[in-house]
Structures are given as structure tokens and as C-alpha cells.
1. State whether the residues of segment 118-131 include one that is within 17 Å of the chain's Cα centre (by Cα) and surrounded by 21 or more Cβ atoms within 10 Å (Cβ to Cβ).
2. Among the residues of segment 92-134, which ones are outside any strand (DSSP E or B), at pLDDT below 95 and either of a type in the set (Val, Ile, Thr) or in contact with a Cys (Cβ under 6 Å, 6 or more places away or on another chain) (or both)?
3. Checking the structure you have, find out if any residue of segment 63-83 is part of a loop (DSSP other than H, G, I, E, B), at pLDDT 95 or above, farther than 18 Å from Ala134 by Cα and not hydrophobic (A, V, I, L, M, F, W, C).
4. Quick one: which of Tyr69, Tyr78, Tyr54 is of a type in the set (Ser, Thr, Tyr) and in contact with a Leu (Cβ under 9 Å, 6 or more places away or on another chain)?
5. Taking interchain pairs and intrachain pairs at least six residues apart, which have beta carbon atoms under 9 angstrom, with the first residue in segment 30-50 and in contact (Cβ under 8 Å) with a residue 40 or more places away in the chain and the second part of a strand (DSSP E or B) and surrounded by fewer than 14 Cβ atoms within 10 Å (Cβ to Cβ)?
6. Spot the failing condition for Thr35; the list is (1) part of a strand (DSSP E or B); (2) touching a Lys or Arg at 6+ places or on another chain (Cβ under 7 Å), and only one is missed.
7. Please verify whether segment 9-29 includes one or more residues that are part of a strand (DSSP E or B) and either under 14 Å from the mean Cα position of the chain (by Cα) or at pLDDT 95 or above (or both).
8. Failed condition for Asp51, given (1) of a type in the set (Asp, Glu); (2) loosely packed, with under 15 Cβ neighbours inside 10 Å; (3) not in a loop (DSSP other than H, G, I, E, B), with all others met?
Amino acid sequence: MKQSTIIFLVIFSVSVTLFISCISAQPSNTEATMTINNFEKGGGSGPSECDGKYHSDDTLIVALSSQWYDHGKRCFKYINIYYNDKSTQAMVVDECDSSKGCHNDIVDASKAVWKALAVPGSQWGETKVTWSDA
């Protein structure tokens with residue numbers, strides 16, 4: 001075998017290995033319960049943890065359970081939310097605090113998220129979804 005053929009095979013083998021590693025490193029979707037939240041002033045909860053402000057329910061925003069909120073490390077980052085054959089991206093603006101009764105599997109979403117995912121009105125309030133970092 002010629003030296004150039006051997007070099008090509010080594011480079012090709014390394015490239016394929018790196019490509020497969022990149023694919024397997026993609027995060028998998030996390031199962032969650034999506035609940036509905038009113039992020040507006042007077043909506044029942046206080047200002048968001050990320051910026052101390054209220055937000056319009058017409059924006060694609062969420063609060064995550066404490067473990068996923070991770071002490072604010074996900075503030076203003078986007079997540080992908082999947083429901084049936086639909087998906088949308090929403091920005092994390094708040095924590096659904098487990099010390100205040102929030103379960104550990106909650107994506108607490110604005111009305112805009114529910115609309116974007118086309119969740120039937122009869123299921124608004126609580127439904128199963130999956131999510132991943134965007």
C-alpha cells in the first residue's frame with residue numbers, strides 16, 4: 001500500500017470517529033411536566049428570578065424546576081420544548097422553586113408557549129413534554 005493511501009485511511013478513520021462522537025454527544029430530550037404560568041404583574045407570582053422583572057405572557061418564556069434552573073445558570077438561555085409533533089424555543093426567565101412546592105420535573109410556561117405548541121385548550125394547565133437546551 002502506498003504511503004498516501006495509508007495517510008488517507010488514517011485521516012478518514014479519525015474523521016468518522018470524531019463525527020460519531022459529536023453525534024453521540026448531542027443532549028437527549030428530558031421528560032417533563034409542562035404547567036402554565038402567568039408571568040405578568042398581578043398574575044399570581046412575583047417578578048422573575050433572572051432579572052427581577054415581570055414579563056408578558058405573549059412572549060415565549062419559561063420557569064424551570066430548581067435542579068434545571070441550576071442557580072440561574074440557564075437565565076436568558078433558550079430551551080427547545082417538544083409536544084407531540086410540534087416544537088418551540090422559549091427563554092428561561094425564572095425558577096419554579098422546589099422549596100416552595102414545585103416538583104422536580106416542571107417546565108412552567110407562558111400562554112405563548114402553549115399556543116406555539118398548539119396544545120388543545122382542554123389540556124391547558126398540565127401536560128407531558130420533553131425539552132432540551134437550544
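The values are calculated or read from the model by the stated rules, or taken from the named source; none is laboratory data. Note that the structure is a prediction, hence the values are computed from the model and not measured. Neighbour counts are summed over all protein chains in view; Cβ atoms, including those assigned to glycine, are modelled from backbone coordinates with ideal geometry.
1. Yes, the conditions are met somewhere in segment 118-131.
2. Cys102
3. no
4. Working: Tyr69 fails: in contact with a Leu (Cβ under 9 Å, 6 or more places away or on another chain); Tyr54 fails: in contact with a Leu (Cβ under 9 Å, 6 or more places away or on another chain).
The unique qualifying residue is Tyr78.
5. Glu31/Lys128; Ala32/Lys128; Thr33/Glu126; Thr33/Lys128; Met34/Glu126; Met34/Lys128; Thr35/Glu126; Ile36/Glu126
6. Evaluating Thr35 over (1) part of a strand (DSSP E or B); (2) touching a Lys or Arg at 6+ places or on another chain (Cβ under 7 Å) leaves (2) as the failure.
7. Our first condition is that a residue be part of a strand (DSSP E or B); within segment 9-29, this holds for none.
No - not one qualifying residue is present in segment 9-29.
8. If we test Asp51 against (1) of a type in the set (Asp, Glu); (2) loosely packed, with under 15 Cβ neighbours inside 10 Å; (3) not in a loop (DSSP other than H, G, I, E, B), just (3) comes out false.
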